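Novice: Take a look at the following structure, please.
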Amino acid sequence: MLRPARALSVAAIAALLTLTTLFTASSASAAGVNYVALGDSYSAGVGAGSYLSDSGSCKRSTNAYAYLWKNAHAPSSFSFVACSGARTGDVLNNQISALSSSTSLVSISVGGNDAGFADTMKTCVLGSDSDCLTAVNNAKSYAQNTLPSQLDKVYSAIHSKSPNAHVVVMGYPHLYKVGGDCIFGIGDTKRAAINSAADALDGVIAKRVANAGFTFGDVRSIFAEHEICGSLSTWLHSTTLPIDESYHPNSSGQANGYFPVFSRS
């Protein structure tokens, strides 16, 4: 009667030792990480509230996925330089300097502002279906024809400054649930067009990321049904005040959408 109990005890001890080893290894790995968070408003956490006082108009949030990862893993160093409104040129001119040869983890989202995201949304919200479709097609054309070379410059600079870093490039979600239940707001024609622009942008980014040897964090599937007009809790702001937070992830979108995708990328 004692033998099964002894065997179980040995097995339990072995399991505990294994878990302890894994935990220690994980902690040691995080302790050796030098993390730099680059990018635009989606990486800064605009719309998620709780903005760092020293970030000014960049509106870097403690609810942003990068900051959440920092809190969860306690890396050796953390540099958070993502900024609202940043384009590829801004990353090259104002953010790349945060990288070094010791940087081991980099996150970034960029390209939406280059393609005219804000102006396109303004046109689609205030203009006709035809105006919206024209604006979306112009944004798609820019994303497919001009943006690739701009992204290549950014990714090349990241690799040059931090050749040994694991680089995760985060994409953009669909903003709307087409056919979703919304009392107010734009119609399905505009919603579908805006989502197609996100697909075009993500497609371009994913291809350039693959060519650079980086990792693409696709958030579209995890945001499904959490879009504006979705059937579940909304992870994105519709038109809101302050206006610059419109069409950006809220704190739930950062914590439940961007953070888990980045963490497993």
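The values are calculated or read from the model by the stated rules, or taken from the named source; none is laboratory data. The shown structure was predicted, so the numbers you read here are calculated from the model rather than taken from an experiment. Cβ coordinates were reconstructed from backbone atoms using ideal geometry, including for glycine residues, and neighbour counts include every protein chain displayed. Note: accessible area is taken over every heavy atom of the protein model, side chains too, but ligands, DNA and RNA are not part of it. Shrake-Rupley method; radii C 1.70, N 1.55, O 1.52, S 1.80 Å.
Novice: Work out the count of Lys pairs in the chain where the Cα-Cα distance is under 25 Å, with the pair 8 or more places apart or on different chains.
Specialist: 14
Novice: So what's the net charge close to residue 177: Lys and Arg +1, Asp and Glu -1, counting the other residues with Cβ under 11 Å from its Cβ?
Specialist: Result for the local shell: -3.
Novice: List the chymotrypsin sites (Phe, Trp or Tyr not before Pro) in region 158-230 that DSSP assigns to loop (not H, G, I, E or B) and whose Cβ has at most 11 other Cβ atoms within 10 Å. Which are they?
Specialist: Numbers: sites: 176, 184, 214, 216, 223; in loops: 184, 214, 223.
Answer in residue order: 184.
Novice: Around residue 78, which amide H atoms from residues at least 5 apart in sequence, or from another chain, sit under 5 Å from its own amide H, with H modelled in the peptide plane?
Specialist: 35
Novice: What distance in nm lies between label points placed 7 Å from Cα along the C-beta direction at residue 188 and residue 225?
Specialist: Placing both labels 7 Å beyond Cα along the Cβ direction yields 1.9 nm.
Novice: Can you give the angle from 0 to 90° between the axis of helix 129-145 and the longest principal axis of the chain, with both taken from C-alpha atoms, to the nearest 10?
Specialist: 60 degrees
Novice: Taking 0.36 nm per intervening residue step and subtracting the Cα-Cα distance, what contour gain separates residue 129 from residue 199 on full extension?
Specialist: On the way: separation 70, 0.36 × 70 = 25.20 nm, distance 1.90 nm.
Full extension of this stretch gives 23.3 nm more.
Novice: OK, next. Within the chain, what percent of beta bridges assigned by DSSP are antiparallel, to the nearest 5?
Specialist: That works out to approximately 10 percent antiparallel.
Novice: Could you give the accessible area per residue of region 71-139, probe 1.4 Å, as a whole number in Å²?
Specialist: Counting only protein heavy atoms, the per-residue value for region 71-139 is 44 Å².
Novice: Would you mind estimating how fast region 77-173 diffuses translationally, via Stokes-Einstein at 37 °C and 0.692 mPa s with the Kirkwood radius over Cα pairs, in µm²/s?
Specialist: Taking Rh from Cα pairs, D becomes 224 µm²/s.
Novice: If one puts a single equal scatterer on every Cα of region 185-261 and applies the Debye formula without solvent, what log₁₀ I(q)/I(0) results at q = 0.21, 0.26 Å⁻¹?
Specialist: Each listed q maps to, in turn, -1.08, -1.31.
Novice: So if R0 is 25 Å, what FRET efficiency would residue 137 and residue 206 give, r being the distance between their Cβ atoms, rounded to the nearest 0.05?
Specialist: The calculated FRET efficiency here is 0.75.
Novice: Something else: Principal axes first, then extents: for the Cα atoms of the chain, list largest minus smallest coordinate on each axis, whole Å, largest first.
Specialist: 79, 45, 37
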